[in-house]
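Read through the structure below, which is laid out as structure tokens, and then see the notes.
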Amino acid sequence: MAYCRNCGTQIDDGASFCPNCGNATGGAAAPQPKQAKEPSGPLFWRIYTKAFGALMDKPFKLWGISLLGTFLISVGAALAGIAIPVLAIAVSMLFTVALAAIFLKGYDKKEVYCYQLFDTFKDWSTIKRVLTGMGWSYLWIFLWSLIPIVGPIFAIIKGYAHGLIPYILVKKPELNAVQARELSIEKTKGFKGQMFLADLVVYLLIGIAALILILLGQIKYVGPVFIIILVLFMICVGVLLPLFMGIVRAAFYKELIGDEEPVEEKIEE
């Protein structure tokens, strides 16, 4: 029998590593399991990498639920708006937050189901909290947009500052509407530019691809083929973009806030 040179534990003949401390019998340290390599580059690029990784886990299921959610937001809001116009906004808010919860589950590679789209409708307490949180955000963005000349610019900036609110409402049930807004503003400080870049790059690539197809569509004889490709491309963008951007925003939430301990004591009402 041999003994470990590191801790002195008795080792069976022929054993490569100590069963107690894991040290190699030859005196070398036992190999450590390889850690997943963290994506490098600017924050928005790391976000893209992580978002793509999450999407590849269950792309068709996430796409199907995202498409259904987008459909429910459009049709549900339209039908509600026919009866009571303000109800359209409320329905849109509820489905938006439900989709945020699904995007977070998708990013974490957890199971997602269609019925989760209705989780925000389950009781009056949840409905009130979601409507208050989202309504408070929309109101502030609207008020900023009323500033003459520069209002739209301020509204965009405030939109990014409030961009994590749907995800906070999902993951931080201990926070009220005011606290959710304040937390989103606090955590996006210094990162709104990265969030803007994450959106800008996607829309620029879509715009460049569409422009190229439009130009190719002017070519004699073969032009109609590229116009058909352009139509198909825009349809794909319409059905896939909400999913990708939702996962990207979920990735920003996980990167900037993650699973921190309750923060109610840090934020004054």
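The values are calculated or read from the model by the stated rules, or taken from the named source; none is laboratory data. Just so you know, these numbers come straight off a predicted model, no measurement behind them. Cβ coordinates were reconstructed from backbone atoms using ideal geometry, including for glycine residues, and neighbour counts include every protein chain displayed.
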If you take the residues in the range 144-175 that are part of a helix (DSSP H, G or I) and among the basic types (Lys, Arg), which one is nearest to Asp199 (Cα to Cα)? Lys158
With the checklist (1) modelled with pLDDT of 90 or more; (2) over 17 Å from the mean Cα position of the chain (by Cα); (3) more than 23 Å from Arg46 (Cα to Cα) in hand, flag the one item Met134 doesn't pass. (2)
Inter-residue pairs, beta-carbon under 6 Å, first among the polar types (S, T, N, Q) and in the range 43-66, second surrounded by fewer than 22 Cβ atoms within 10 Å (Cβ to Cβ), 6+ apart: Thr49/Pro39; Ser66/Pro242
Given the residues Lys110, Lys105, which is the only one that is assigned to a helix (DSSP H, G or I) and closer than 22 Å to Lys50 by Cβ? Lys105
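State yes or no: is Gly217 touching a helix residue (DSSP H, G or I) at 6+ places or on another chain (Cβ under 8 Å) and either over 30 Å from Lys105 (Cβ atoms) or surrounded by 17 or more Cβ atoms within 10 Å (Cβ to Cβ) (or both)? Write out each step before concluding.
Values: touching a helix residue (DSSP H, G or I) at 6+ places or on another chain (Cβ under 8 Å): yes; either over 30 Å from Lys105 (Cβ atoms) or surrounded by 17 or more Cβ atoms within 10 Å (Cβ to Cβ) (or both): yes.
It is true that Gly217 is touching a helix residue (DSSP H, G or I) at 6+ places or on another chain (Cβ under 8 Å) and either over 30 Å from Lys105 (Cβ atoms) or surrounded by 17 or more Cβ atoms within 10 Å (Cβ to Cβ) (or both).
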Would you be able to tell me the number of residues in the range 116-148 that are surrounded by fewer than 14 Cβ atoms within 10 Å (Cβ to Cβ), of a type in the set (Ser, Thr, Tyr) and within 18 Å of Ser184 (Cβ to Cβ)? 0
Top-ranked residue in the range 102-115 [being touching a residue at least 40 places away in the same chain (Cβ under 8 Å) and crowded, with 16+ Cβ neighbours inside 10 Å; ranked as nearest to Lys61 (Cα to Cα)]: Val112
Val201 being surrounded by fewer than 15 Cβ atoms within 10 Å (Cβ to Cβ) and touching a residue at least 60 places away in the same chain (Cβ under 8 Å): yes
How about the range 76-101: which of its residues are modelled with pLDDT of 85 or more and either under 26 Å from Leu55 (Cβ atoms) or outside any helix (DSSP H, G or I) (or both)? Ser92, Met93, Leu94, Phe95, Thr96, Val97, Ala98, Leu99, Ala100, Ala101
Scanning the range 45-55 residue by residue, the ones that are over 12 Å from Gly246 (Cβ atoms) and buried (at least 18 other Cβ atoms within 10 Å of the Cβ) total 3
Filter the range 56-75 down to residues that are in a helix (DSSP H, G or I) and not hydrophobic (A, V, I, L, M, F, W, C) and give me whichever is surrounded by the fewest Cβ atoms within 10 Å (Cβ to Cβ). Ser74
Condition first: in contact (Cβ under 8 Å) with a residue 24 or more places away in the chain and either farther than 13 Å from Thr96 by Cβ or of a type outside the set (A, V, I, L, M) (or both). Now tell me which residues in the range 128-155 satisfy that. Arg129, Thr132, Gly133, Gly135, Trp136, Ser137, Tyr138, Trp140
